[in-house]
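The values are calculated or read from the model by the stated rules, or taken from the named source; none is laboratory data. What you see is a predicted model; the values in this text were computed from it and never measured. Virtual Cβ from ideal backbone geometry, glycine too; neighbours counted across all protein chains shown.
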Amino acid sequence: MKLLIKGGSAVFPEEMKVKKVDILVENGVITGIGPGLEAAGARVIEADGKYVCPGLIDMHVHLREPGFEHKESIATGTRAAARGGFTAVACMPNTKPVADNAAVVRFILERAAAEGVVNVYPIAAITKGSKGEEITEMADLKEAGAVAVSDDGLPVQDAGVMRRAMQYAAMLQLPVIPHCENKSLAADGVMHEGFQSTVLGLPGIPAAAEEVMVARDIILAENTGCHVHIAHISTAGSVELVRQAKKKGVKVTCEVTPHHFTLTHEMVNGYNTNTKVNPPLRTREDVEAVKEGLADGTIDVIATDHAPHTVEEKNVEYQYAPFGLVGLETAVGLVFTELVETGVLTVPQAIAKLTINPARVLAVPGGRLDVGERADITIIDPQAGEIINPDDFASKGRNTPFTGRRLKGLPVMTVVNGKIVMEDRRLTV
Amino acid sequence: MAVLKSNHMLGLQHVPPEDIITILDTASAMKDIICRKIKKVPTLRGRTVVTLFYENSTRTKTSFDLAGKYLSADTVGLSASTSSVQKGESLIDTARTVEAMGADVVVLRHPAAGAAEILAKNVKCSVINAGDGIHEHPTQALLDMFTIKEYKKSFKGLKVTIVGDILHSRVARSNIWGLTKLGAEVSVVGPATLLPPEIEKLGVKVYTDLEEALAGADVINVLRIQLERQKQGLFPSLREYSRLYGINNRRLKAAKEDVLVIHPGPMNRGVEIVSEVADSSRAAINEQVTNGVAVRMALLYLLTGGEKVETAN
């Protein structure tokens, strides 16, 4: 099958450039990039006024399979990704059983091959059972296909264990992705500790709970030479710690979620449990600091932390609801509406954080438009608008805090391995 | 036309000052009923009040029960340990069940903040928050205010100091909202580990030194210190707590001569308050209990469509 994408503005994140060129795809590979391309028998896709990007990569997703298929499955989670413009996702290991051994990693890859519609890169656990005690068989996990190790959701509290994990992961060139949260500081907190938690009477999670762990893991990264990629950074203090560490040359990268660059803890008013997420929604100052970090390059990656839960699980008292919200199908719109439209990031800067940067962190293919590259392509229409309605989601999860919000700038086509999986906001698979 | 802005009482944060005044005025008429020999009027005959308690409480539950009964409402109590809650039924389902049985008012006590608000969004009957986590306890604050009004007449410029575990106190939060709306000057004092972040943004003065906080106080609201907080490491010992924040006659010297001491109960005598104060004429702790019934009668009456009561004073 041949695809000829004509007249679009192709985004080259490595060069930070946008060029008006056509792109030819044959047999799942990009075979031509240039002006005025022609190809007999190709399906022509008119992309005038649209951005033709390397396939977007979401490096922080919870696909929930195995074990929590009532929340999401590899089939539905990858469809949500496709609908959201992502051609690849990296999935977190807090499944049941935990992805702490090669068998689970292989299971995920097999299911993804059989039922998935985008590329899936498993992230394995740092410790066995994610208990924070003994490190996993990382060599075996890497061989099975794990691209990184993480303690997402169940952060390693013991600094000695984390240091050994980093030493070991560094030996294998596996990035470590810490969820930075000190449990004794976070305690039973359910939202950001501050004025809003005081008014609402909800236990708070102080910014310090994140920041002391960011500081610890930066020190350990420096100490071990391990590449540490800090998951879902959320506070001004964390951004500054990473900024300083990068200046010192520490091998540290980090990501932010769309909800953390868009929403504040004021959203929790009314106890809508779809605002309950970990790390919690922070203050306006934190949101501004995160945007600064995005603009100056301190924050390398935009990732969703897509965390589906059922309506029943979420429709309870705020303190009893699980943490997490879905993000795959709203991410691109939020990036364009909140960051591009407002001038925080240029289009190539924004796209780099969704493509080449995560590809580099995880050392996975993709992230660039180039002849010979796998044809993972996302087309974004900066003029397309939509009001978010969770009923439209391909994900099983409806837990979004963005219901009713207007987005401008949406993915209109997702091509995975040369195959169109989403067109005009609708799945084709 | 409803007298109050909302047909729920979820917290004083969203209650306009004029509604607080209406409730306090109505409570005054209700108190007259309680003080009669025959404490029963037919006002709420045929109305049903269900108390839904997910936390242990004797005084608040009894107070609501009696308030309903004095007004001739049918009152039914459901506690989490004896209901289908034990079988895993959700709060919303339980409330809908109660409503389907014909409840006009559901009184909810729940350990999770926001529970009453969630309930109100899911049922059509009136919801009264009888304490939700550490969020609000509006009827306690209303009875505190009613008591204060009885003794001090006006709230304007009145110096009220709330002492103790402000962080975990729904009573403190509701009192702050209510008192500041009616013009009182509210201070809070307690150990730094028990003061909620940015509480000063609610328009209160914040102290860690008791003497400073009590200087010139017209009213002292002494909060119960929960012994489990010590086990959580939030303060080192009851001994030190009592030494720094315990209310005794010597400490009261910093306050005004005619200072009023109130306490939401139950008291830890000898810890946050000593008996010489609790049992003195400056304290109105038993009066508060009586007033609690009056305030709850007023709320039940107003929320079920009762007319505003004009009072002489």
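Based on this model, can you work out whether B:S57 counts as modelled with pLDDT under 95, away from every other protein chain (no Cβ under 14 Å), surrounded by fewer than 17 Cβ atoms within 10 Å (Cβ to Cβ) and in contact with a Lys or Arg (Cβ under 8 Å, 6 or more places away or on another chain)? Break it down into steps so the answer makes sense when it comes.
Details: modelled with pLDDT under 95: yes; away from every other protein chain (no Cβ under 14 Å): yes; surrounded by fewer than 17 Cβ atoms within 10 Å (Cβ to Cβ): yes; in contact with a Lys or Arg (Cβ under 8 Å, 6 or more places away or on another chain): yes.
Yes.
Per the conditions (1) within 14 Å of another protein chain (Cβ to nearest Cβ); (2) touching a residue at least 12 places away in the same chain (Cβ under 8 Å); (3) assigned to a loop (DSSP other than H, G, I, E, B), the sole criterion not satisfied by B:E89 is (2). If you check A:K276 against the conditions, is it modelled with pLDDT of 95 or more, among the charged types (D, E, K, R) and in contact with a Phe, Trp or Tyr (Cβ under 8 Å, 6 or more places away or on another chain)? Yes. Total residues in the range B:260-277 satisfying the condition of being farther than 18 Å from B:Q140 by Cα, among the hydrophobic types (A, V, I, L, M, F, W, C) and surrounded by fewer than 22 Cβ atoms within 10 Å (Cβ to Cβ): the figure is 2. Taking (1) more than 12 Å from chain A (Cβ to nearest Cβ); (2) outside any loop (DSSP other than H, G, I, E, B); (3) within 22 Å of B:V3 (Cβ to Cβ) in turn, B:K124 satisfies each apart from (2).
Only helices (runs of 4 or more DSSP H) whose full extent lies in the range A:149-206 are considered here, and the ones with at least 1 residues that are in contact with a strand residue (DSSP E or B) (Cβ under 6 Å, 6 or more places away or on another chain) and more than 14 Å from chain B (Cβ to nearest Cβ) are A:159-171, A:183-186. Checked against the criterion of being touching a residue at least 24 places away in the same chain (Cβ under 8 Å), of a type outside the set (D, E) and under 30 Å from A:I135 (Cα atoms), the candidates A:V89, A:V117 yield just one match: A:V89.
Checking the conditions here, which among A:T310, A:T346 is more than 14 Å from chain B (Cβ to nearest Cβ) and at pLDDT 95 or above?
A:T346
Counted as qualifying within the range B:137-253 are the helices (runs of 4 or more DSSP H) with 3 or more residues that are within 22 Å of B:I285 (Cβ to Cβ) and more than 14 Å from chain A (Cβ to nearest Cβ), namely B:138-152, B:210-214, B:238-245, B:249-252.
Yes or no: B:V76 under 26 Å from B:V15 (Cα atoms), away from every other protein chain (no Cβ under 11 Å) and touching a residue at least 24 places away in the same chain (Cβ under 8 Å)? No; evaluated as a whole, the condition is false for this residue.
Just checking, how many residues over the range A:330-365 are more than 17 Å from the chain's Cα centre (by Cα) and either not in a loop (DSSP other than H, G, I, E, B) or not assigned by TED's automatic domain parsing to the domain that holds A:V252 (or both)? Of the residues in the range A:330-365, 4 are more than 17 Å from the chain's Cα centre (by Cα) and either not in a loop (DSSP other than H, G, I, E, B) or not assigned by TED's automatic domain parsing to the domain that holds A:V252 (or both).
Which of the following residues is within 20 Å of A:D158 (Cβ to Cβ), away from every other protein chain (no Cβ under 11 Å) and buried (at least 24 other Cβ atoms within 10 Å of the Cβ): A:V214, A:V256?
Result: A:V214 is the single residue among A:V214, A:V256 that is within 20 Å of A:D158 (Cβ to Cβ), away from every other protein chain (no Cβ under 11 Å) and buried (at least 24 other Cβ atoms within 10 Å of the Cβ).
Screening the range A:301-320 for residues that are surrounded by fewer than 24 Cβ atoms within 10 Å (Cβ to Cβ) and in contact (Cβ under 8 Å) with a residue 60 or more places away in the chain and picking the one that is farthest from the chain's Cα centre (by Cα) gives A:Q319.
Against the list (1) within 18 Å of the chain's Cα centre (by Cα); (2) surrounded by fewer than 24 Cβ atoms within 10 Å (Cβ to Cβ), the condition A:I233 fails is (2).
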